[in-house]
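> Once you've had a glance at the structure underneath, I'll fire off some questions.
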């Protein structure tokens with residue numbers, strides 16, 4: 001076999017391959033054997049039909065077609081290996097010459113992983129939010145905890161903010177009651193903002209048995225987004241009683257003996273959360289700077305596939321679970337189709353560039369992923385997916401997704417290398433040390449940037465037909 005490769009652009013090549021006919025012998029034998037098992041010829045046992053009879057009865061062309069389809073993936077793979085390129089997706093194959101007994105010639109065009117130059121990232125500087133936990137932050141956290149321990153008791157008075165009312169609802173659109181617009185015995189805390197716009201004003205001041213009608217835009221259901229006339233009837237008013245904010249409450253709601261200790265722990269927890277947010281912010285901003293510095297050519301076909309994958313995931317999974325169409329979603333978001341398409345394309349470009357760039361950095365720095373790192377990442381991914389680690393691991397193995405997880409961890413480690421060399425300061429001008437941050441957090445940042453799987457793996461050889 002002879003092969004040559006021509007670079008069409010930084011992300012696409014064309015192979016020209018010539019195969020002497022004798023190298024097709026194994027594929028021709030396999031073709032005759034396969035046809036032998038599929039056809040019947042009077043006077044011959046199944047599987048024992050001579051090749052010349054098959055040629056006469058069914059045509060030499062059918063045999064050649066079967067043999068070529070069998071041989072193409074093998075010769076394409078050999079050409080790829082000789083050229084030492086990394087294909088992305090399936091090739092476009094064109095048979096340019098097929099002379100029986102003499103020659104098979106074909107071309108194969110395919111996108112390839114581009115050569116990426118790692119920019120000098122030693123001078124990257126970013127600014128992040130300072131870690132500041134105020135007394136008000138601590139008080140708000142304690143009040144939220146206090147609210148979880150609140151009790152309610154029925155009262156014979158008009159409803160006020162903070163009360164829990166039990167209500168019946170009926171929604172009409174264009175004078176017609178919606179099939180899914182009726183609800184009974186709904187518990188609602190006035191002022192929580194968890195139901196319809198305008199309901200707080202409608203129920204405030206009503207006693208049990210009181211009724212009011214108000215206009216509101218529906219947030220869900222069959223008439224989502226439409227203006228409706230909503231009738232609300234209060235059947236019960238209950239006052240919320242918060243526990244006293246003292247040492248006894250601290251003992252009831254936490255492992256601490258005093259309110260002061262509980263507040264100190266709450267402050268520490270908030271500081272840790274803000275520190276995590278600060279580290280995530282630093283990683284995201286360092287990644288943005290790195291992408292700005294790098295020139296990363298992107299295969300157009302890969303980009304098109306990634307855009308379509310993102311659209312399909314949003315429309316058929318995320319929106320489908322919420323009962324929304326893409327048109328309704330765009331209406332709610334206040335976006336045009338053109339704006340949505342541009343935004344999706346921009347996100348896809350960022351995801352692909354992130355993967356290509358960090359993959360190159362993984363190779364340059366010779367970064368490896370050990371079993372402990374992979375297991376930790378798997379467990380965190382399982383937790384975020386709502387599956388048990390065993391269930392998630394089984395799904396990953398059965399779906400052949402282990403290399404994907406390894407890639408996520410490796411890219412996280414590559415990003416950590418860049419973050420450690422960057423100068424990160426907070427809004428108070430204080431330099432932030434991120435050298436001890438968990439590389440798993442970097443993996444999550446990379447996953448978010450690349451989200452929707454811009455894996456761009458090499459096509460299997462048997463798909464090259």
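Every number here is computed from the coordinates shown, using simple stated rules; none is lab data. Worth saying up front: this structure is predicted, and the values here are computed from it rather than measured. Cβ placement follows ideal geometry from the backbone for every residue including glycine, while neighbour counts extend to all protein chains displayed.
> Multiply the residue separation of residue 201 and residue 82 by 0.36 nm, subtract the distance between their alpha-carbon atoms, and state the gained length in nm to one decimal.
Details: separation 119, 0.36 × 119 = 42.84 nm, distance 7.45 nm.
Value of the extension gain: 35.4 nm.
> Just need the relative contact order of the chain here, percent rounded to a whole number, with Cα pairs under 8 Å and 6+ apart. The partial results should precede the final answer.
Values: 677 pairs, mean separation 85.2, N = 465.
Computed value for the chain: 18 percent relative contact order.
> What is the calculated FRET efficiency for residue 366 to residue 265, with r their C-beta to C-beta distance and R₀ = 51 Å, to the nearest 0.05? Walk me through the numbers on the way to the answer.
On the way: r = 43 Å, r/R0 = 0.84.
E(calc), rounded to 0.05, equals 0.75.
> Give me the one-decimal Kirkwood hydrodynamic radius in Å for the stretch 177-288, with the sum taken over alpha-carbon pairs. All intermediate terms of the calculation are to be shown ahead of the outcome.
Working: mean 1/r = 0.0537 Å⁻¹.
In the stretch 177-288 this quantity evaluates to 18.6 Å.
> Right, next: Return a whole-number percent for the relative contact order of the stretch 70-210, with Cα pairs under 8 Å and 6 or more residues apart as the contact set.
15
> Report the paramagnetic label zone for residue 219: residues of the stretch 330-353 whose backbone N is under 19 Å from a point 7 Å from Cα along the Cα-to-Cβ axis.
It comes to 330-334, nothing else.
> Using the Cα gyration tensor of the stretch 264-463, with a ≥ b ≥ c the square roots of its eigenvalues, what is the shape: rounded (a/c below 1.5), prolate (a/b larger than b/c) or oblate (neither)?
Working: a/c = 1.35, a/b = 1.23, b/c = 1.10.
Note, shape of the stretch 264-463 comes out rounded.
> In degrees, nearest 10, range 0 to 90: what is the angle between the Cα axis of helix 337-365 and the longest Cα principal axis of the chain?
Taking Cα atoms only, the helix is inclined about 70 degrees.
> What percent does the relative contact order of the stretch 151-241 come to when contacts are Cα pairs within less than 8 Å and at least six residues apart? Let's see the in-between values first.
Working: 213 pairs, mean separation 38.2, N = 91.
In percent, rounded to a whole number, it is 42.
> I'd like the FRET efficiency for residue 402 and residue 293, computed as 1/(1 + (r/R0)^6) with the beta carbon distance as r and R0 of 41 Å, rounded to 0.05. Before the final figure, lay out each step's value.
Numbers: r = 32 Å, r/R0 = 0.77.
Once the sixth-power term is evaluated, E becomes 0.80.
> Then there's this: At 7 Å along the Cα-to-beta-carbon direction for both residue 317 and residue 38, put a label point, then send me their distance in nm to one decimal.
Those two pseudo-labels are separated by 3.6 nm.
> Beyond 19 Å, how much of the Cα-Cα pair distribution for the stretch 151-241 remains, as a whole percent?
Working: 1403 of 4095 pairs.
So the portion of pairs separated by more than 19 Å is 34 percent.
> Based on the Cβ-Cβ distance of residue 69 and residue 115, what FRET efficiency does E = 1/(1 + (r/R0)^6) give at R0 = 30 Å, to the nearest 0.05? Working shown, then result.
Working: r = 33 Å, r/R0 = 1.09.
FRET efficiency, residue 69 to residue 115: 0.40.
> When the chain is fully extended, how far beyond the present Cα-Cα distance does residue 140 get from residue 186, taking 0.36 nm per residue of separation?
Working: separation 46, 0.36 × 46 = 16.56 nm, distance 2.68 nm.
Residue separation times 0.36 nm, minus the Cα-Cα distance, leaves 13.9 nm.
> How much length is gained on full extension from residue 158 to residue 26, taking 0.36 nm per residue of separation minus their Cα-Cα distance? Provide the component values of the computation, followed by the final result.
On the way: separation 132, 0.36 × 132 = 47.52 nm, distance 8.96 nm.
So the chain would gain 38.6 nm between residue 158 and residue 26.
> Against the longest alpha carbon principal axis of the chain, how many degrees, from 0 to 90 and to the nearest 10, is the axis of helix 371-385 turned?
60
> Also: How tilted is helix 60-83 with respect to the longest principal axis of the chain? Cα atoms for both, answer in degrees (0 to 90, nearest 10).
Approximately 70 degrees, to the nearest 10.
> Run through the DSSP bridge list for the chain and note the antiparallel percent, rounded to the nearest 5. Kindly include the intermediate steps, with their values, before the conclusion.
Numbers: 54 of 59 bridges.
Antiparallel bridges: around 90 percent, rounded to the nearest 5.
> Now, a different point. How would you order 355-362, 275-282, 93-100, 212-219 from highest to lowest mean count of nearby Cβ atoms within 10 Å? Write down the numbers at each step before the final one.
Values: 355-362: 22.5, 275-282: 17.5, 93-100: 12.4, 212-219: 14.8.
Taking the mean over residues of other Cβ atoms within 10 Å, the ranking is 355-362, 275-282, 212-219, 93-100.
> Same structure, new question: Can you pull a Stokes-Einstein diffusion coefficient for the stretch 2-112 at 20 °C (1.002 mPa s), Rh from Kirkwood over Cα pairs, as a whole number of µm²/s? Numbers along the way, then the final one.
Numbers: Rh = 15.3 Å.
The diffusion coefficient I find is 140 µm²/s.
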